[in-house]
2 protein chains.
Amino acid sequence: MIIDKYAPIGVFDSGVGGLTVVRELMRNLPQENIVYFGDTARVPYGNKSKETVLRYSRQIIRFLETKDVKAIVVACNTASALAMDTIEKEINIPIIGVVIPGVHTALRTTRNNRIGVIATDSTIKSNLYQTLLRSNNSEITVFGKACPLFVPLVEEGWTKDRITYEIACRYLDDVLDKDIDTLIMGCTHYPLMRSLLKKVVGDDVTLVNPAYETSVALKKLLEDLNLQNPGDFVKEKKFQCGRYRFFASDAVERFNTFADTVLPCEVESAELVQIEDF
Amino acid sequence: MIIDKYAPIGVFDSGVGGLTVVRELMRNLPQENIVYFGDTARVPYGNKSKETVLRYSRQIIRFLETKDVKAIVVACNTASALAMDTIEKEINIPIIGVVIPGVHTALRTTRNNRIGVIATDSTIKSNLYQTLLRSNNSEITVFGKACPLFVPLVEEGWTKDRITYEIACRYLDDVLDKDIDTLIMGCTHYPLMRSLLKKVVGDDVTLVNPAYETSVALKKLLEDLNLQNPGDFVKEKKFQCGRYRFFASDAVERFNTFADTVLPCEVESAELVQIEDF
């Protein structure tokens, strides 16, 4: 199969959180085109079962394939945790999740082999981070903590708020007591409260941002496969460089508002998709 | 059309919140059979568009009709606010939402014609409470406030927590400044934090619980239509009295756990339904 280098990268998430991954892709791979899909009609995935998340992910991949994407980024920790292992066997283009890049960075970062993971309830219960970290290094001890209030707090805009700080202290108290030196922000919303989390964990703990690590890993993957967008302007080509398109399954206006606060550049309004039709 | 008095009442909600309505139905209409559906695969509705909530509600009503229900309770404020006016024209059995009973009680309760409403973002933005309250009495002034953190706080179990108290004070500050004497808890989860809310609003403000008011209104509706379950045991009848069945579109175990904390009696485990097939 010949893949068009100029084709866009497909990125999807359960909602708007994956825009933190898009932000890193825009910064680190500025020549790439991006098609983003946010499943705002069915958000959140974090409290849904593996079967449901897998079914939703397959629908979204079928939609992204209609946009001729050359690679797919699963910018949702829950979908990466629950659906990646199955869907990567079902498609013919490169696919990358946000979990593995975060895991590799955490393994390189830790000095004392004690790593914390904060994420949604489903991601923590899936034990995926724990399994992956320990399968790479059996000396590692992992301490997971579900933080279900963080996403609504970020969406409320309270990312620098005293109440959010107090809630973060309560959530992280146990994990910090375990003497971790590395903490993975295992949910795409969490980098948006990074500075507050940094205050809570202190200077001795390194925060790992899987969104950033994913952009680095994708860059390497495209180079290895010789699939980087050359960034030259070729008139007859179907795709132009650095073009971004956004799709959502519901509440497009709210999507646009959130996108404006997260992304480093002005983008066109999101388009509505009936994702159940795919 | 002849409706079977022994048939169950169908109750639905976007998730587990509607169980607070079931709780009131069990207490106030103990002879009635209940079939409950919680759309846990697509919860929450509060941030979804009118079109999507309407589509989901129609699917659920088609499912409930397969259970031969004699009446339907829309135990979801968002669905009551966004979909009721359309779906009540489309079905042949009585249907009642949680919004109107709460509105009528608030109108009877207020002395100074200043009423507050707390609810999800969509319910507040729909302006339904404001419109209904004022269409009954144009002297009424309504102060609405979206409280998006309350649902995750209740689901976290922090219903008597100092942090929840602080968040409630912040949300309600503006509304209380408006000298309201009545506050409608316009989201099914909120009655579960009733005692904390009572502390925040003080003795001068009456809290209206639409779940309770709905059970009273349904009782009257069934009496008026001569549709109450007689409560006698009739062997050849298809339905027995006081029987409860629960269905959910996902994460049935989490549903059961929540149901155990909310309902006044032991109930059978929820059954899984692929609601998109309806």
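A few points about this structure:
- Bins of 5 Å from zero: percent of alpha-carbon pairs in the range B:159-278: 2, 8, 12, 14, 15, 15, 13, 10, 6, 3, 1, 0
- Environment charge at A:T20 (Cβ cut-off 10 Å; Lys +1, Arg +1, Asp -1, Glu -1): 0
- Fraction of alpha-carbon pairs over 24 Å apart in the range A:100-210 - percent: 17 percent
- With the helix formula -39500 (n - 2.57) applied to DSSP H stretches of n ≥ 4, chain B reaches a computed 222 nm mean residue ellipticity of -12500 deg cm²/dmol.
- Ranking of A:T86, A:T52 by count of other Cβ atoms within 10 Å, fewest first: A:T86, A:T52
- Rounded tilt (10° steps) of A:210-224 against the dominant C-alpha axis of chain A: 40 degrees
- Shape of the range A:1-141, Cα gyration tensor, a/c cut at 1.5: prolate
- Computed E for B:D173/B:D204 - FRET, C-beta separation, R0 22 angstrom, nearest 0.05: 0.90
- Shape of the range B:77-131, Cα gyration tensor, a/c cut at 1.5: oblate
- About its Cα centre, the dipole of the range A:100-210 is roughly 240 debye, where the only charges are +1 on Lys and Arg Cβ and -1 on Asp and Glu Cβ.
- Per-residue packing, averaged as other Cβ atoms within 10 Å, sorts the ranges A:60-67, B:34-41, B:118-125, A:254-261 into the order B:34-41, B:118-125, A:60-67, A:254-261, beginning with the highest.
- Among A:C241, B:C265, A:C76, B:C187, a tally of other beta-carbon atoms within 10 Å of each Cβ gives an order, fewest to most, of B:C265, A:C241, B:C187, A:C76.
- Per-pair calculated FRET efficiency, R0 = 30 Å: B:V216 and B:E276 via Cβ, rounded to 0.05: 0.30
- Between helix B:50-65 and chain B: long-axis angle, C-alpha atoms, 0 to 90°, nearest 10: 30 degrees
- Chain A - percent relative contact order, Cα under 8 Å, separation 6 or more: 28 percent
- One decimal place: the segment A:T141-A:N127 gains 3.8 nm when fully extended, by the rule 0.36 nm per residue minus the C-alpha distance.
- Radius of gyration over Kirkwood radius for chain B, both on Cα atoms: the Rg/Rh ratio is 0.96.
- Nearest 10 degrees, 0 to 90: helix A:19-28 Cα axis against chain A principal axis: 70 degrees
- Neighbouring partner chain Cβ atoms per residue of A:40-49, average, 10 Å criterion: 5
- Each residue, B:R243 and B:R111, gets one label point 7 Å from its Cα in the Cβ direction; the gap between the two is 4.9 nm.
- Loop-resident sites, the range B:161-204, for trypsin sites (Lys or Arg not before Pro), counting at most 16 other Cβ within 10 Å (DSSP): B:K178
- Centre separation in Å (Cα based) which lies between the range B:1-69 and the range A:166-195: 38 Å
- Shape call, the range B:25-91: gyration tensor on alpha carbons, a/c limit 1.5: prolate
- Max-minus-min Cα coordinates of the protein assembly as shown on each principal axis give 74, 48, 48 Å, with the largest extent listed first.
- Taking a point 7 Å from the Cα of B:T66 along the Cα-to-Cβ direction, the residues of the range A:23-58 with backbone N closer than 19 Å to it are A:52.
FYI, it's all coordinate maths here, none of it is from the lab. As the structure is a prediction and not an experimental result, all values here were calculated from the model. Every residue, glycine as well, gets a Cβ built from its backbone with ideal geometry; the counts of neighbours run over all protein chains shown.
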